[in-house]
1. For segment 38-51, which positions are among the charged types (D, E, K, R) and either open to solvent by less than 90 Å² (accessible area, probe 1.4 Å) or at pLDDT 85 or above (or both)?
2. Going by the structure shown, is Pro146 under 19 Å from Ala27 (Cβ atoms) and touching a residue at least 40 places away in the same chain (Cβ under 8 Å)?
3. How many residues are under 30 Å from Val174 (Cα atoms), assigned to a loop (DSSP other than H, G, I, E, B) and open to solvent by 40 Å² or more (accessible area, probe 1.4 Å) if we restrict to segment 148-164?
4. Filter segment 133-147 for residues that are open to solvent by 30 Å² or more (accessible area, probe 1.4 Å) and not in a strand (DSSP E or B) and give the result.
5. Go through segment 1-34 and give me each residue that's basic (Lys, Arg) and open to solvent by less than 60 Å² (accessible area, probe 1.4 Å).
6. How many residues does segment 1-29 contain that are of a type in the set (Phe, Trp, Tyr) and touching an Asp or Glu at 6+ places or on another chain (Cβ under 6 Å)?
7. What are the residues in segment 101-126 that are in contact with an Asp or Glu (Cβ under 8 Å, 6 or more places away or on another chain) and over 19 Å from Pro79 (Cα atoms), if any?
8. Give the residue that is farthest from Gly84 (Cα to Cα), with candidates limited to residues of segment 109-119 that are crowded, with 18+ Cβ neighbours inside 10 Å and of a type outside the set (Gly, Ala, Ser).
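The values are calculated or read from the model by the stated rules, or taken from the named source; none is laboratory data. Small disclaimer: the values here were computed from a predicted structure and weren't measured. All Cβ positions, glycine included, derive from the backbone under ideal geometry; neighbour counts span all protein chains shown. Accessible surface is based on the protein model in full, side chains and every heavy atom, while ligands, DNA and RNA are left aside. Shrake-Rupley method; radii C 1.70, N 1.55, O 1.52, S 1.80 Å.
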Amino acid sequence: PLDADVELWAGPDNTPHKMRVYVENGATRPFNTVVETPRGPNTISVRNIGQLEFPMAAQIDAVSAAGPLGDMSRMDQGPMTIQGGALRTYPFDPQVDSVQVLLRTDGRPLNARIELLQGPNNNKQVIELYTEDGLDRPFYAILETPGSGNVIRIVNTATVEFPLTCSAGAYKIVEKNSYDEMQPVISGFGSEGRGGR
């Protein structure tokens, strides 16, 4: 498992962007996000808060302004308002291999919980998010969704005075060549273990 704190530091005692990230399997579902860093020098802190037996690797790269946030036309589901305390779910087909999520506000603080579920109440990835300004520093992430039965659940953990807008859509779609490739493996064996085939 991967358990980490990711923070944006903008000067002394100023943390305008915080994330607590949990991923059940970091090799299958690596965490990918874009953190906006407007105005002045910024530092990104990545801290492993998991147990000693679970090390992690982190990589931070600079992205141009015309990067992923520049073109949001690929979103399947347009901006949807989620009031404070409310939630919204986005189910995806088995062919969808990864999903992109964009959360923003009109300049107010952004508090949210993003969950990737595979089956009922089976969290594969959880992100608890705080941004002091959801217009200057929106949240954008690409979530890996291998297998079938994937659902993204967005919870606005703020009060009703702080709505957010959410856009979600398929990022990468993979063609499945056979019916067997789309079936979940329940027994723990591969497709050759099903029915003696």
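1. To start, the set of residues in segment 38-51 that are among the charged types (D, E, K, R) comprises 39, 47.
Arg47, the sole residue that qualifies.
2. Taking the combined requirement at face value, the residue satisfies it.
3. Within segment 148-164, residues that are under 30 Å from Val174 (Cα atoms), assigned to a loop (DSSP other than H, G, I, E, B) and open to solvent by 40 Å² or more (accessible area, probe 1.4 Å) number 1.
4. Passing the criteria: Asp133, Leu135, Asp136, Pro146, Gly147.
5. Arg29
6. So the answer is 1.
7. Passing the criteria: Asn123, Lys124, Gln125, Val126.
8. Selected residue: Gln118.
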